[in-house]
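J.: Questions regarding the structure given below will be posed in turn.
Read-outs throughout are calculated quantities, based only on the coordinates presented, and are distinct from any laboratory measurement. Being a predicted model, the structure only gives us computed values, none of them experimental. Cβ atoms come from the backbone with ideal geometry, glycine included; neighbour counts cover every protein chain shown.
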Amino acid sequence: MRPQFHHAIDIAPTIYEAVGINMPTEVNGTKQIPLAGVSMMYSFAKADAPGTRTTQYFETGGHRAIYHNGWVASAFHGVPWQVTGSIDFAKDKWELYNIDKDFSQAEDLAAKELAKLKELQSLFDREAKKFQVYPLDDRFVERAVNSARPSVIAGRNSFTYKTGTARIPEGSAPPIYQRSHRITAQVVIPDQKIEGVIIATGAVRRATPCMSRITNWFMNTISSVRTVTG
C-alpha cells in the first residue's frame with residue numbers, strides 16, 4: 001500500500017522506467033504524443049516518499065474535476081438518465097474537498113474556501129486547454145448515432161468473422177438490433193463437456209448471447225443451443 005496520489009496514466013511511465021527503456025518518439029513514421037503520466041518507481045523503495053503526481057484533471061460526459069496537492073474540486077454535470085440534448089455548463093455546481101484530511105469527500109468546503117475553489121477552477125481550465133479537453137461536449141445519443149462519422153459497415157448487409165475474432169467495437173459491428181437478422185456459426189465441439197458463449201453482442205442496457213449450453217438457476221441444462229435476449 002502507498003499513500004501517494006496517482007492516476008492510471010502513470011502506469012505506462014512506471015513500466016518504461018522499470019524495464020529501463022524510453023518511450024518511442026515515432027512509430028511507423030508517426031510522431032507520438034509525449035506521455036502525460038509520471039513514474040511511480042520512486043515509491044517502490046520508499047513507501048512514504050513525497051508524491052510526484054501533484055495535479056490531475058478529470059472529464060467525462062461533461063463531468064469535471066481537478067486534483068491538486070491534496071485538494072479536489074469537482075462539478076457533477078446533469079443526470080445519468082438524460083441522454084439527449086445538452087445542459088448549460090455554467091449552471092454546474094462546483095464542490096471542494098481536502099482529501100488529505102477528508103478522503104471520503106464528506107465535507108464540501110466550497111463555501112468556506114472560495115479562493116481555493118477559484119484557484120482549482122482556473123487550474124482545471126489550464127489543464128483542459130493543455131490536454132485538448134475543450135470544447136466540452138455532454139451529448140450522448142447525438143454522438144453515438146452520428147451519420148457523418150466514417151463507417152466500415154455502412155451499406156453492408158453481410159459480415160463474416162473467422163476464428164479468433166474478439167471484441168469488435170459496437171460502431172464497427174453489424175447493426176442487428178431493431179431489424180430482422182440471421183446469425184450462422186460453424187462450430188466444432190470435440191468434447192461434449194465444453195460449454196460457453198459462441199457469440200455475444202450488447203452493452204450495459206441490452207445483450208444477446210448465443211450459448212453452446214445454458215444452465216438455469218437450479219443447474220439444470222435447458223437447451224444445447226439457444227439464443228437469449230435481455
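J.: Tell me, what is the percent relative contact order of the stretch 35-122, built from C-alpha pairs under 8 Å that lie six or more residues apart?
T.: 20
J.: Can you tell me the relative contact order of the stretch 94-159? Whole percent, Cα pairs under 8 Å, sequence separation 6 or more.
T.: RCO, the stretch 94-159: 19 percent.
J.: For the residues 23, 40, 1, what sequence is obtained by ranking on other C-beta atoms within 10 Å, fewest first?
T.: Numbers: 23 13, 40 22, 1 3.
If I rank by nearby Cβ atoms, fewest first, I get 1, 23, 40.
J.: Set Lys and Arg Cβ to +1 and Asp and Glu Cβ to -1, take the dipole of the chain about its Cα centre, and tell me which of 30, 66, 196 lies farthest positive.
T.: 196
J.: Given Cα pairs under 8 Å that are at least 6 residues apart, what percent is the relative contact order of the chain? Working shown, then result.
T.: Working: 260 pairs, mean separation 24.0, N = 230.
Relative contact order comes out at 10 percent.
J.: Within the stretch 8-142, how many lysine pairs that are 8 or more places apart, or on different chains, have C-alpha atoms less than 27 Å apart?
T.: The result is 21.
J.: How tilted is helix 114-130 with respect to the longest principal axis of the chain? Cα atoms for both, answer in degrees (0 to 90, nearest 10).
T.: The angle comes out at about 50 degrees.
J.: How high is the FRET efficiency from residue 189 to residue 151, r the C-beta distance, R0 30 Å, rounded to 0.05? Mind showing how you got there, number by number?
T.: Values: r = 35 Å, r/R0 = 1.15.
About 0.30, to the nearest 0.05.
J.: Could you check which residue among 180, 151, 39 shows the biggest mean-square fluctuation in a GNM of the chain with a 10 Å Cα cutoff?
T.: For the chain, modelled as a Gaussian network with Cα springs under 10 Å, the answer is 180.
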